[in-house]
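A short write-up of the structure that comes next.
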Amino acid sequence: MPESYLFSTVAAKLRKFREDNPGVEVIRMDIGDVTLPIPSAALIAMHKAVDDMADKSSFHGYGPEQGYDFLRKAVAENDYASRGVQITPEEIFISDGAKSDLGNLGDIYSKDSVIAVADPGYPVYVDANVIDGRGGELINGKWSNFVYLEGNERNGFKPEPPAQHADVIFLCSPSNPTGSAFTRNELKAWIDYALDNSALIIYDSAYCAYITDSDIPHSIYEIEGARKCAIEVRSFSKTAGFTGLRCGYTVVPTELTGLDEKGREVSLRKLWLRRQTTKFNGASYIIQRGAEALYSPEGKLEVKQNVDYYLANARLIRQTMSKAGFTVFGGENSPYIWVKSPSGESSWDLFEKLLREVNISCTPGVGFGDAGEGYIRLTGFNSTANTELAMKRIIAFFNK
Ligand code: MLT
């Protein structure tokens with residue numbers, strides 16, 4: 001497989017540029033890393049949790065591998081029951097983040113599962129399955145065993161179910177990197193496909209807090225049939241600034257089953273529990289207390305303020321890039337803006353141009369898959385001041 005992970009390659013190029021050009025201020029709009037500090041509700045809860053660790057009566061050693069009940073209950077009530085979705089705390093597995101879970105889930109499906117991935121898509125879906133040995137051969141940038149689900153302007157970067165069979169399908173909505181989001185009907189088509197094909201959908205909804213449109217479901221479980229075919233993965237990173245703290249969760253419904261090599265039905269929830277109890281010792285108590293506090297009234301308000309702040313940045317980027325003559329997608333139910341290169345330049349050429357001449361770093365679209373060639377991704381996660389400065393530079397450069 002290619003030697004370096006997409007975001008490491010971008011970071012290395014940026015480092016080199018900075019070394020060669022000391023004093024040039026590059027504005028980062030590449031990796032989706034947040035810039036606002038964690039909400040004060042989480043901070044207060046974590047300070048208290050640190051104190052708990054210093055007292056014999058409230059000290060916590062190894063926690064439950066699947067997460068503390070206090071957080072699993074808070075998730076079930078606030079992220080699901082409040083939207084009319086019944087998910088029990090036992091179906092929720094707290095982890096050290098969505099990225100780990102998306103990769104680790106490969107431990108519970110077979111080595112010869114046919115994997116379908118959105119192209120463009122978050123590179124972890126492809127890379128983790130290649131590491132697990134499911135890729136086959138890399139031929140002209142594509143792995144021979146994978147089914148690529150092309151997102152393009154025709155389908156609004158929302159791939160439809162394929163004609164071929166797939167066993168495990170990775171979907172992300174709102175999408176990283178394009179910002180597109182499935183409607184209820186579009187998601188229903190995927191659930192029908194999964195049920196007809198005895199396939200598993202791994203649904204990455206790390207960005208659901210950015211949904212503003214009422215027709216876009218926040219959870220795949222809002223759609224009938226999903227409990228029988230889907231695992232949902234979520235994160236506290238992009239909503240509460242937990243990128244450096246690490247906490248997320250995965251939902252595996254009790255109805256969800258697979259078949260073992262003898263054709264016997266196996267509960268995926270039990271398999272995932274077995275996997276987690278074997279290879280994971282749980283997210284830290286302190287961090288889980290911080291995550292729990294995000295569901296307090298103050299925490300909810302602060303999370304909403306953070307999300308609104310990044311959405312306002314995304315809106316500004318979307319508007320400015322359009323004004324500067326680019327065709328843009330996303331940035332409405334998502335912190336990501338997907339930008340088409342105006343004169344047919346490759347993604348990496350546009351990346352270099354923005355870096356060298358406008359001093360903005362972006363993520364080249366082709367890094368998310370072949371179908372991303374000719375696009376770049378910008379993020380609304382920088383500060384508003386930096387976003388405004390970056391957009392002034394864009395206007396000055398492209399409207400000259
Ligand atoms: C991204 O930029 O796509 C994300 O930050 C990567 C991640 O969440 O791991």
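The values are calculated or read from the model by the stated rules, or taken from the named source; none is laboratory data. Bear in mind that the values here come from a model prediction, so they are computed numbers and not experimental data. Counting neighbours? That spans all protein chains shown, and the Cβs are built from the backbone with ideal geometry, glycine included.
Between 308, 260, 349, which is within 24 Å of the chain's Cα centre (by Cα), surrounded by fewer than 17 Cβ atoms within 10 Å (Cβ to Cβ) and either on the phi < 0 side of the Ramachandran plot or in contact (Cβ under 8 Å) with a residue 24 or more places away in the chain (or both)?
The conditions single out 308.
At pLDDT 95 or above, buried (at least 20 other Cβ atoms within 10 Å of the Cβ) and out of contact with any Pro (no Cβ under 7 Å at 6 or more places or on another chain): which single residue out of 179, 135, 156, 151 fits that description?
179
Buried (at least 19 other Cβ atoms within 10 Å of the Cβ), of a type in the set (Gly, Ala, Ser), out of contact with any helix residue (DSSP H, G or I) (no Cβ under 7 Å at 6 or more places or on another chain) and more than 22 Å from residue 101 (Cα to Cα): does that describe residue 173?
Here the answer is no, as residue 173 does not meet what is asked.
Considering only region 90-105, how many residues are crowded, with 20+ Cβ neighbours inside 10 Å and farther than 30 Å from residue 143 by Cα?
Adding up the residues that qualify gives 4.
Go through (1) in contact with a Ser or Thr (Cβ under 7 Å, 6 or more places away or on another chain); (2) in contact (Cβ under 8 Å) with a residue 40 or more places away in the chain; (3) surrounded by fewer than 23 Cβ atoms within 10 Å (Cβ to Cβ) and name the single condition residue 108 misses.
(1)
Across region 352-386, which residue is nearest to residue 318 (Cα to Cα) among those that are of a type in the set (Gly, Ala, Ser) and touching a residue at least 60 places away in the same chain (Cβ under 8 Å)? Walk me through it before giving the result.
Filtering region 352-386 down to residues of a type in the set (Gly, Ala, Ser) leaves 361, 365, 367, 369, 371-372, 374, 380, 383, 385.
Applying the additional criterion that residues be touching a residue at least 60 places away in the same chain (Cβ under 8 Å) yields 361, 365, 367, 369, 371-372, 380, 383.
Numbers: 361: 16, 365: 16, 367: 21, 369: 22, 371: 21, 372: 18, 380: 10, 383: 16 Å.
Once the filter is applied, the top-ranked residue is 380.
For region 330-358, which residues satisfy the criterion of being over 24 Å from residue 207 (Cβ atoms), aliphatic (A, V, I, L, M) and in contact with a Leu (Cβ under 9 Å, 6 or more places away or on another chain)? Don't jump to the end; show me each part of the working.
As a first pass, look at region 330-358 and keep what is over 24 Å from residue 207 (Cβ atoms): 342-346, 348-349, 352-353, 355-358.
Filter again for aliphatic (A, V, I, L, M), leaving 355, 358.
Across region 330-358, the qualifying residue is only 355.
Looking at 394, 317, which one is surrounded by 15 or more Cβ atoms within 10 Å (Cβ to Cβ), at pLDDT 95 or above and within 16 Å of the ligand (Cβ to nearest atom)?
Being surrounded by 15 or more Cβ atoms within 10 Å (Cβ to Cβ), at pLDDT 95 or above and within 16 Å of the ligand (Cβ to nearest atom) holds for just one of 394, 317, which is 317.
Kindly indicate the residue of region 211-239 that is in a helix (DSSP H, G or I) and more than 14 Å from the chain's Cα centre (by Cα) and also farthest from the ligand (Cβ to nearest atom) among those meeting that condition.
Per the stated criteria, the residue is 228.
List the number of the failed condition for residue 290; all other conditions in (1) touching a residue at least 24 places away in the same chain (Cβ under 8 Å); (2) within 16 Å of the ligand (Cβ to nearest atom) hold.
(2)
Taking region 39-81, which residues are assigned to a helix (DSSP H, G or I), closer than 12 Å to residue 293 by Cα and within 22 Å of the chain's Cα centre (by Cα)?
If the condition is that a residue be assigned to a helix (DSSP H, G or I), closer than 12 Å to residue 293 by Cα and within 22 Å of the chain's Cα centre (by Cα), then 42, 71, 74, 75, 78 are the ones that fit.
One residue is enough: does region 329-342 have a residue meeting the conditions more than 16 Å from the ligand (Cβ to nearest atom) and of a type in the set (A, V, I, L, M)?
Scanning region 329-342, I find no residue that is more than 16 Å from the ligand (Cβ to nearest atom) and of a type in the set (A, V, I, L, M), so the answer is no.
Could you run through region 1-31 and say how many residues are without any contact (Cβ under 8 Å) to a residue 24 or more places away in the chain, of a type in the set (A, V, I, L, M, F, W, C) and either surrounded by fewer than 14 Cβ atoms within 10 Å (Cβ to Cβ) or more than 13 Å from the ligand (Cβ to nearest atom) (or both)?
Residues meeting the conditions: 1.
Looking only at region 146-159, decide whether some residue is under 21 Å from the mean Cα position of the chain (by Cα) and within 16 Å of the ligand (Cβ to nearest atom).
Yes, region 146-159 has at least one match.
Going through 181, 166 one at a time, which residue ends up being more than 15 Å from the ligand (Cβ to nearest atom) and in contact (Cβ under 8 Å) with a residue 60 or more places away in the chain? Write out each step before concluding.
On the way: 166 fails: in contact (Cβ under 8 Å) with a residue 60 or more places away in the chain.
Just one listed residue meets the conditions, 181.
Considering only residues of region 240-257 that are hydroxyl-bearing (Ser, Thr, Tyr) and touching a residue at least 40 places away in the same chain (Cβ under 8 Å), which is nearest to the ligand (Cβ to nearest atom)?
Residue satisfying both the conditions and the ranking: 243.
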